[in-house]
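Quick notes on the structure that follows.
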Amino acid sequence: MLWLVLGLFVVPALAKQGLPPYVLLSPPVFKSNHPADMKLLLFSETKGNISVDYINTVYSYTYNPYKRHEKTDIIESKSVSFMRGDEIIPISVQVPEAIEGSQSLKFRIHLEDFGTFEETQFMEKYVSKSDRGYKAFVQTDKSVYKPGQPVRFRGFQIGADLKGIELSKPMQVSIRNPTGVEVYQTTLESKDGMVYQGMFQLADEVPTGEYKITLTGHVSAVCSFSVDEYVLPKYGIEITAPKYIPSDGKMVMGSVEAMYTYGKPLS
């Protein structure tokens, strides 16, 4: 997730330059792979345009650790024109899913009746990557398995808005046995972009105990399942109930019978 510390930016009128007052509204949190919707509020009837550059800068060092090189790329540019009488001007940019470097948003607002004030119209706020707000989930079809059985699992991720996230990269899957040894590792593609499903086949002879499965995308999720040897059940239970239950609320009758495997009733 990308955080932008911008929230509410207010620029007052500057008498010496004749700049009219306006307010630039921006969400306090920019989420990766989501649009960032902003609004420009004007307090003077004029026309002009507002442009936004989404910029990424990558810094690198050569053999001289005190000399830094930088490479700047414009990821996306948006420009919106407005006419006289427009009081609220919306503008939106797409926040990338994941990118390396320092990112910034540069706003330039040109007001026709007041000229171009690039020095005062330039605003820049840096954003940084964070995993806060993402949640991952993974589950298996059962909690206990026997040696030789298949372990079916699935996982997905949600954002801060509790909506499923479509990942651009496969999910990483890892399963470790009770001793911590990794016994399974793979990558999973999703058919619908959100839910990732897979299957791990247990061998006929495997260590018993608690296994852990980890799915990793933006963030990781872990769940555990157990592998136990097959044990012959000591008794069975049979329930006899009516084929239907009336809706008049009257009591219904049924029976429960428990028997040991060798035929003797359970006392």
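The values are calculated or read from the model by the stated rules, or taken from the named source; none is laboratory data. For clarity, every value in this text was computed on a predicted model and none was experimentally measured. Backbone-built Cβ (ideal geometry, glycine too); neighbour counts: all protein chains shown. Accessible surface is based on the protein model in full, side chains and every heavy atom, while ligands, DNA and RNA are left aside. Shrake-Rupley method; radii C 1.70, N 1.55, O 1.52, S 1.80 Å.
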For this session: Go through the range 197-248 residue by residue and tally those that are part of a loop (DSSP other than H, G, I, E, B) and of a type in the set (Lys, Arg).
Result: 2
For this session: Quick one: count up the residues across the range 58-94 that are open to solvent by less than 60 Å² (accessible area, probe 1.4 Å) and modelled with pLDDT of 75 or more.
Result: 7
Exercise. Is there any pair with a first residue in the range 176-193 that is closer than 11 Å to Thr214 by Cα and of a type in the set (Phe, Trp, Tyr) and a second that is part of a strand (DSSP E or B) and open to solvent by less than 40 Å² (accessible area, probe 1.4 Å) whose Cβ atoms are under 6 Å apart and which are 6 or more apart or on different chains, and what are they?
Worked result: Tyr184/Ile175; Tyr184/Phe200
For this session: Give the number of residues within the range 14-57 that are at pLDDT below 75, touching a strand residue (DSSP E or B) at 6+ places or on another chain (Cβ under 7 Å) and among the basic types (Lys, Arg).
Result: 1
For this session: Look at Pro207 and say whether it is surrounded by 15 or more Cβ atoms within 10 Å (Cβ to Cβ), within 30 Å of Leu232 (Cβ to Cβ) and not hydroxyl-bearing (Ser, Thr, Tyr).
Result: no
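Results for (1) at positive phi; (2) modelled with pLDDT under 90; (3) not aliphatic (A, V, I, L, M), shown as yes or no for each residue.
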{"site": "Met194", "(1), (2), (3)": "no, yes, no"}
{"site": "Gln201", "(1), (2), (3)": "no, no, yes"}
{"site": "Lys243", "(1), (2), (3)": "no, yes, yes"}
{"site": "Tyr260", "(1), (2), (3)": "no, yes, yes"}
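So if I check each of Gly180, Gly193, Gly217, which one is more than 25 Å from the chain's Cα centre (by Cα) and either surrounded by 13 or more Cβ atoms within 10 Å (Cβ to Cβ) or not hydrophobic (A, V, I, L, M, F, W, C) (or both)?
Matching residue, one of Gly180, Gly193, Gly217: Gly180.
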For this session: Please identify the pairs in which a residue from the range 219-237 that is closer than 16 Å to Val206 by Cβ has its Cβ atom under 8 Å from the Cβ atom of a residue that is among the small types (Gly, Ala, Ser) and not in a loop (DSSP other than H, G, I, E, B), counting only partners at least 6 apart or on another chain.
Result: Ser226/Gly209; Val227/Gly209
